[in-house]
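What follows is a set of notes on a single structure, which appears directly below.
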Amino acid sequence: MTENNKNLSKEKLLAEIGRLKKELKKKKKYGLVWEEKPEEVVEVCKEKLPVLKEVKNKEIITDKDKPVNLLIEGDNYHALSVLNYTHNKKVDVIYIDPPYNTGNKDFIFNDRYVDKEDAYRHSKWLAFMEKRLKLAKNLLKDTGIIFISIDDNEVAQLKMLMDNPDLFGENNFLATICWQSTDTLRNDAKHFSVNSEYILVYAKNKSACKIKGILKSEKQKNYYKNYDNDPRGHYLLTPLHAKSGTPASLYEYKFKSGQIWQAPKGTFPRFSKETLKKLEKEGRIWLDPKCVKVPQRKTYLAEVSERMPIWTFWRYEDFGSTRQSNQELSELLNKGIFSNPKPTKLVKIIIDLIIDKKGIVLDFFAGSGTTGHAVLELNKEDGGNRKFVLCTNNENNNGNGYKIAEDICYPRIKKVIEGYKNLKGEKVAGLGGNLKYFKTDFVDAEPTDRNKIKLTAEATEMLCVKEGTFEKVLDRKDFKIFKNTSHYTGIIFEQAAIPAFKKAIKNIKGTPPHQKFGGGGKFSVYVFSLGDETFDDEFKDIKQKVQFSPIPEAILRVYRRIFK
Ligand SMILES: C[S@@+](CC[C@H](N)C(=O)[O-])C[C@H]1O[C@@H](n2cnc3c(N)ncnc32)[C@H](O)[C@@H]1O
């Protein structure tokens, strides 16, 4: 009881209690509640800021004109934080296959496996996933889509979590795919022999996203025939009637041949009379009763989309099974090195549902690197330039002595790019591609001048990742210049070096003031500043062609937002 209502009469007190009860009721909301457990890797970011450090000797470059893919080793909370600066709204597709939290040594929280008896088992998983999914959402383009593999252990929790408007929201839910993950019956199963998993699919913004669908298979194309040597090619015959409609839509139609058509009893015309007339005029109606008894509509293969919508039930024959993916990885690396990777086929179809030949694909639970493998295969098949960003920790895989990033993911991607001999001793040709390997590292977070200078010095790799410019053009102590095939990046560590920097870029062909970039991009320049200066005066003469950012302020701004 508060000091204010101490002297209230009994009636007034009851009325007050009633009012408070009503207030409380109003506050009850539908949703998911869990116990928030602090996570060490998250707490660390209060004192330290994540950056990237390249592991130079792990770089793989087979074609300088092709995009550079990234593998980031470290906790994905840190990797995603860095990506919030480098890849904000740049990612087209996210595919993740997080720990399923089976209670069987697959989920590590605060350096310890979460087992079945842990009373906070679901809370820990939810807290872990929520933090990462929040960071990941910022990386998606407005048209971007996320696919999350999951099984019975957490599917209910994950669906509720994702439906939360603070994350993706119910309105952006697209599908729950049911993947038939295994083709073997478990005779020892106690209740059911489970042979399916799920893939939850959410759009960042449902009204902006597009699912391309899958390419029609040869089998589907074979349904199109050409019975009468029609010069327009193969076609599909479909009835002129449908099961639903209204009595008002019924009519009788007389074809030019004299044949009379009306919808069979209990059905309705699929088209209006006018449309049917038009279809007949254009020769799109099949009338020969020798082959098909009633008139049919002709739909030409050449006129329909090459793709079609995809089912939400995915059979192992079409998408691969866990048995097949275990086999696939065993042939690439050692047998049993990593259990139950996802089939490359499955991830290829997911990527191909969303993007064409270019775009960025992110997997922040990369494990054995299936998503990278899928992107490399798709690029090889159609000459595409899709890029991948993989993040994985380097934990000792199930205690078998192999470290996931170094001994499993990286060697797999390297072999796939460069070619290898499989376990049968057969040569498998490389698919080509480029990769840079980074580890997450830290600098002190306290915003002192000393720390700002340090962060700037350590930020070079992050800035190159942000710009996608990895080729060194000039490497001086006070400034550096990098490029890719269409774009330059300058990083100036001391303001006193600005005149020398400007002189240097004038001497580089294709840069300001004679800049003619293929991609139309500006020369990105990062200038060290203790504050938030824009250096308008210093770059007045080339302002139109140069895009400035003060560092480390531009980075700190992002970190302040995500670690608030
Ligand atoms: C189920 S596996 C993914 C398998 C992958 N889809 C494949 O086909 O190989 C999940 C992976 O996430 C990694 N992982 C788990 N927690 C992580 C974390 N906090 N940061 C980075 N990686 C993590 C684990 O090392 C594990 O390899």
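The values are calculated or read from the model by the stated rules, or taken from the named source; none is laboratory data. All of these numbers come straight from a predicted model, not from anything done at the bench. Backbone-built Cβ (ideal geometry, glycine too); neighbour counts: all protein chains shown.
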Residue selected from region 258-286 under the condition surrounded by 16 or more Cβ atoms within 10 Å (Cβ to Cβ) and among the aliphatic types (A, V, I, L, M), by the criterion nearest to ALA242 (Cα to Cα): ALA263
Residue within region 123-142 that is touching a Pro at 6+ places or on another chain (Cβ under 7 Å) and aromatic (Phe, Trp, Tyr) present: no
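Yes or no, residue by residue, for (1) away from the ligand (no atom under 12 Å from the Cβ); (2) of a type outside the set (Lys, Arg); (3) surrounded by fewer than 14 Cβ atoms within 10 Å (Cβ to Cβ):
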| site | (1), (2), (3) |
| --- | --- |
| THR370 | no, yes, no |
| LEU376 | yes, yes, no |
| GLY383 | yes, yes, yes |
| LEU390 | no, yes, no |
| ASN397 | no, yes, no |
| PRO411 | yes, yes, no |
| VAL416 | yes, yes, no |
All positions within region 90-116 that are more than 9 Å from the ligand (Cβ to nearest atom), without any contact (Cβ under 8 Å) to a residue 12 or more places away in the chain and within 22 Å of THR322 (Cβ to Cβ): TYR113
Yes/no for LYS25 being surrounded by 15 or more Cβ atoms within 10 Å (Cβ to Cβ) and either of a type in the set (Lys, Arg) or modelled with pLDDT of 90 or more (or both): no
All positions within region 347-368 that are of a type outside the set (Val, Ile, Thr) and near the ligand (Cβ under 9 Å from one of its atoms): ASP363, PHE364, PHE365, ALA366, GLY367, SER368
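Okay, residues lined up against (1) among the polar types (S, T, N, Q); (2) away from the ligand (no atom under 16 Å from the Cβ); (3) modelled with pLDDT under 95:
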{"residue": "GLU54", "(1), (2), (3)": "no, yes, no"}
{"residue": "LYS58", "(1), (2), (3)": "no, yes, no"}
{"residue": "ILE61", "(1), (2), (3)": "no, yes, no"}
{"residue": "PRO67", "(1), (2), (3)": "no, yes, yes"}
{"residue": "GLY74", "(1), (2), (3)": "no, no, no"}
{"residue": "TYR77", "(1), (2), (3)": "no, no, no"}
{"residue": "SER81", "(1), (2), (3)": "yes, no, no"}
{"residue": "ASN84", "(1), (2), (3)": "yes, no, no"}
{"residue": "ASN88", "(1), (2), (3)": "yes, yes, no"}
Matching residues, region 150-204, being loosely packed, with under 15 Cβ neighbours inside 10 Å, part of a loop (DSSP other than H, G, I, E, B) and of a type in the set (A, V, I, L, M, F, W, C): LEU185, ALA189, PHE192, VAL194
Subset of region 276-326 (residues that are assigned to a loop (DSSP other than H, G, I, E, B) and of a type in the set (A, V, I, L, M, F, W, C)): LEU287, CYS291, VAL292, VAL294, VAL304, ILE310, TRP311
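Quick grid of which residues meet (1) basic (Lys, Arg); (2) under 32 Å from the mean Cα position of the chain (by Cα); (3) more than 19 Å from ASP352 (Cβ to Cβ):
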residue: ILE150; (1), (2), (3): no, yes, yes
residue: GLU197; (1), (2), (3): no, yes, yes
residue: ILE211; (1), (2), (3): no, yes, no
residue: LYS216; (1), (2), (3): yes, yes, no
residue: THR238; (1), (2), (3): no, no, yes
residue: LYS243; (1), (2), (3): yes, no, yes
